[in-house]
Each structure stands twice: as C-alpha cells, then as structure tokens.
Amino acid sequence: MVDEVKGASIKFKSYEETVPKILDLLKLQRELKKYDKIVLKPNLANSSEESTSREFTEAVLKFCLEHKNPVAEIFIAEGVDGADSGEVFEYLGYGALAEKYSVGLVDLNKTETKEIEDFDFSKFSTIHYPKILLESLIISLPKLCENEETVISGSLSNMLGAFPAEHYKGFFSKEKSKIRKWPIKYSIHDIVKCKFPDFAVVDASSQGVILAGLPLEIDKQAAKLLGKNWKEIPYLKMIEESLTEKEEKDEFEWE
C-alpha cells in the first residue's frame, strides 16, 4: 500500500478533489481489493465541531466503492462515547449517507465482540473487541483538532470508539468510564494492540491540508500541524516506544 512512503500531505482544495487525489497517490486501491470487508471509522460525538464531517467521510467512501473488489462490503462504524450512536449517526447525517450508498452502519457499542488476551496490554487483562473490526480493513477518519483528554484527536486515539459501551460504560452513565481508570494513553495503547488501524485519512482542512498514510506516522505529522511535538503527546510516545521494544525483541529472538 504505502511501500515507498509512510504517508502524504496534500493542500486542501475540496473534499471531492483532494481526498481521491491523495488516496490514489498512496495507491490505496491496491489494498482495498484484498479485502471482503472495509470499515470506515469516523470520530463522532454529540458536537459537530469535534466530529468527522459527513462530507469528508463521503469522499473516502466514494473512492472505496469505486476501487473495492466486487464482493466487498463497506461499513461505517463508530461507538460514540456518552451518547446513543444511532442518534448521533442521524444527527450528523450518517444515516442518510449510508442509505444513499447502500452501506451498513455499525454501532460498535453494541456489536458482537471477541475477548482478546494479550500479555503486552499495559492495563487490561482482556478486551472485548468488535469482531467486525478484526475481520476488516480499518480506515481511521479523524478530524484533526486539539483534545483536552488525548491532546490531539488523531487516527489512533480515534480507536477509543472500538471499546463497546456495553462492556465499558459506568453503572450510572453512558460514558465509557472503565477505560478511564488510568490515564487515557494506556487505553489507546491497549485498544490498538488488539488491532492497529490499517490506514488513516485525517481531515486537517482547517489547517489547509489532508493527511493520509500509516496511522502512527500520520498522527506524528498531525501533531506538528497543531504546533506540538509528538514525543510530548503521551499516547504517541507510548505506542512508539512499545513498537520499538517489540522490534528489538524480535531482532533478539532471530539472532
């Protein structure tokens, strides 16, 4: 997919023009054809200011529909934190979008899960992870902005939506309080340990560009766009260190 480069940044003109241009540049179409299921994972909340816009998601969706293999299914999936995903889908126009293109909407808060155990989890002993994500190409679609909890709203922090509220909400609220027993970097680290998103397309149109490529590298570049050093963003620093440790361990085992 992104063999020669880890990602790209293209000056934003419009979603209709810029999104397919950058996806074609990175040859995403080659990767799309390998999968029978493709999941677009926008970052959705009660506030449209924080949420991935329907128009941005639609541009990515159209590219995927055009280049997928004939039998592949495409889904838009999110597990909204602290709210009903179905209501948020409707409020932000995703219900109409799914109907327009005949694609499925998946509420990750209620979907079927598989319990995953990984000795490399930093805090969780096991995680209930949505089966549909395990079976699919995951394209993370955040809207770049600052975030009080995660510092930036990036493609990896976007995967917090994969924690199903059914298993992680508090007793008296809809919020996923069980992922906040510790600093949020640990929950981001552990959820992407279950499965890393395969590709990221970041709506940084407010900063004048669209970013796309490998999620960790794209989040580093996204941080720079907001005037931040990625090494000072807890979840990025932790995931980078975790991957480096794994590479060193793998090299040691082969020697």
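Residues are listed down the side, and each one gets a yes or a no for (1) at negative phi; (2) modelled with pLDDT under 95:
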site: LEU156; (1), (2): yes, no
site: LYS169; (1), (2): yes, yes
site: ILE191; (1), (2): yes, no
site: ASP198; (1), (2): yes, no
site: VAL202; (1), (2): yes, no
site: GLY208; (1), (2): no, no
site: LEU216; (1), (2): yes, no
Which one of the conditions (1) assigned to a loop (DSSP other than H, G, I, E, B); (2) over 15 Å from the mean Cα position of the chain (by Cα); (3) not basic (Lys, Arg) does ALA59 fail to meet, given that it meets all the rest? (1)
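Quick one: which helices (runs of 4 or more DSSP H) lie wholly within the stretch 117-225 and hold at least 1 residues that are over 17 Å from the mean Cα position of the chain (by Cα) and not acidic (Asp, Glu)? Walk me through how you get there before you give the answer.
On the way: elements: 131-134, 165-168, 184-194, 215-225.
Ranges flagged: 165-168, 215-225.
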Output for the stretch 78-99, where each listed residue is touching a Gly at 6+ places or on another chain (Cβ under 8 Å), free of Cβ contacts under 8 Å to residues at least 60 places away in the same chain and within 23 Å of LEU32 (Cα to Cα): ALA98
Looking at (1) buried (at least 21 other Cβ atoms within 10 Å of the Cβ); (2) aliphatic (A, V, I, L, M); (3) within 24 Å of LYS231 (Cβ to Cβ), which is the only condition ALA162 fails? (3)
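Looking at the structure I just gave you, is TYR101 among the hydroxyl-bearing types (Ser, Thr, Tyr), surrounded by fewer than 21 Cβ atoms within 10 Å (Cβ to Cβ), at pLDDT 95 or above and more than 23 Å from ILE218 (Cα to Cα)? Walk me through it before giving the result.
Working: among the hydroxyl-bearing types (Ser, Thr, Tyr): yes; surrounded by fewer than 21 Cβ atoms within 10 Å (Cβ to Cβ): yes; at pLDDT 95 or above: yes; more than 23 Å from ILE218 (Cα to Cα): yes.
Here the answer is yes, as TYR101 does meet what is asked.
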Exactly one of (1) of a type outside the set (A, V, I, L, M); (2) closer than 21 Å to LEU137 by Cα; (3) touching a strand residue (DSSP E or B) at 6+ places or on another chain (Cβ under 7 Å) is unmet by PHE196. Its number? (3)
Contact list please: Cβ distance under 8 Å, first residue in the stretch 213-242 and more than 19 Å from PHE12 (Cβ to Cβ) and in contact (Cβ under 8 Å) with a residue 60 or more places away in the chain, second residue crowded, with 23+ Cβ neighbours inside 10 Å and hydroxyl-bearing (Ser, Thr, Tyr), pairs at least six apart or on different chains. PRO215/SER140; PRO215/SER155; TYR235/SER157
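Here is a list: LEU32, LEU108, LEU23. Which entry is within 26 Å of ILE179 (Cα to Cα), crowded, with 22+ Cβ neighbours inside 10 Å and modelled with pLDDT of 95 or more?
LEU108
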Subset of the stretch 38-55 that is among the hydrophobic types (A, V, I, L, M, F, W, C) and out of contact with any Lys or Arg (no Cβ under 7 Å at 6 or more places or on another chain) - its residue that is modelled with the lowest pLDDT: ALA45
Mind listing just one residue for me: the one in the stretch 2-12 that is part of a loop (DSSP other than H, G, I, E, B) and under 19 Å from ALA222 (Cβ atoms) and, of those, modelled with the lowest pLDDT? VAL2
Tell me whether the stretch 166-180 contains one or more residues that are touching a residue at least 40 places away in the same chain (Cβ under 8 Å) and among the hydrophobic types (A, V, I, L, M, F, W, C). no
Would you confirm, using the coordinates I've provided, whether LEU243 is modelled with pLDDT under 95 and within 19 Å of the chain's Cα centre (by Cα)? yes
Subset of the stretch 82-102, residues in contact with a Leu (Cβ under 7 Å, 6 or more places away or on another chain) and either farther than 17 Å from THR57 by Cα or not in a helix (DSSP H, G or I) (or both), comes to LEU92
Output for Cβ contacts, cut-off 9 Å, separation at least six or different chains, first residue under 22 Å from ARG54 (Cα atoms) in the stretch 100-114, second aromatic (Phe, Trp, Tyr) and loosely packed, with under 14 Cβ neighbours inside 10 Å, reads none
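The values are calculated or read from the model by the stated rules, or taken from the named source; none is laboratory data. Here the structure is a predicted model, which means the values were calculated and not measured. Cβ atoms come from the backbone with ideal geometry, glycine included; neighbour counts cover every protein chain shown.
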